1. Suppose we take every Cα in segment 4-233 and form the convex hull; what volume per residue is that in Å³?
2. Rank-order 147-160, 100-113 by packing density, defined as the average count of other C-beta atoms within 10 Å over each peptide's residues, highest first.
3. Note down, for segment 122-164, the three equivalent ellipsoid semi-axes (square root of 5 times each alpha carbon gyration tensor eigenvalue), biggest first, whole angstrom.
4. Kirkwood Rh over alpha-carbon pairs of segment 163-204, then Stokes-Einstein at 20 °C and 1.002 mPa s: what D in µm² s⁻¹, rounded to an integer?
5. Which whole-angstrom value gives the distance between the alpha carbon centres of segment 160-188 and segment 20-63?
Amino acid sequence: MIDKVQIKEELIKKNLYDVHRDLIKQRRLRIIVMSVLVAALLLTTVYGTLENPFIYTFSNIGNFFDYRVLFIVWSIVSGLSIQLCLLALFRLEHYQARAKYTFVALSSIFLVLTAVIPALKDIYPFWHLLHTIFAGIHALFLLLSMVPFVNWISRENPRLEKVLKLWMIIIWIGSLLPLIIFGKSGLFELWFFVTVILFLLYLSLILFEEKIVKLSVAFLKDETNLNEAIEKIFINLDRK
């Protein structure tokens, strides 16, 4: 039987209690972030293929068919998932940049506004124009929040630079190619959102794992019995 009180007192004496709490926190946060991203990925894939993506854009699906509520739900889930992930990664990496939170928040807001505003050109030409503008603004703010962070990560972790640049090419150039080849269809939107979410899943996995490994090394460095020490890592001492 594991004595949590004894372990807690031992860690406090060794000045490792805060390290232990940080380990628990980072593992829990990684699960939350990756879970919401997977949910957004599944919802994006399902919604984007409700109708033929070679013909209908996400806006067409939401406005031409009986999926308007689902379109708004998708925009909220996707926007908040991407926002949650980026903010968690900013904090994890101690990323300091002006207007970082503003760009991420505005990106989510304009995505939701894009879904809420009707995109029926023949009936509501003004609102359709506003819908198109807001969609462009969403992509712009997402670009302004992601690219500087990716560049910063590349400088802090040179081993990731080539992989991160490749991901940026896949996302941005890959999104434009379907638009050029197939014209205005749902393919470029499907590619854009799916690859953005996959990239954030990859980045979350790598950066959280790196942080957890560093904390684990600090926690285990003075331990003589590694088996017992590893058990301690997974015990939540604050839970009754």
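1. Details: hull volume 33.0 nm³, N = 230.
Considering the Cα atoms of segment 4-233, their hull volume per residue is 143 Å³.
2. Working: 147-160: 14.2, 100-113: 19.2.
The densest-packed peptide leads the list: 100-113, 147-160.
3. Details: eigenvalues 273, 13, 3 Å².
For segment 122-164, the semi-axes come out at 37, 8, 4 Å.
4. Details: Rh = 10.4 Å.
It diffuses with D of about 207 µm²/s by this estimate.
5. 18 Å
Every number in this text was worked out from the coordinates using simple rules, so none of it is lab data. These numbers were taken from a predicted model, which means no experiment stands behind them. Cβ: placed from backbone, ideal geometry, glycine included. Neighbour counts: every protein chain shown.
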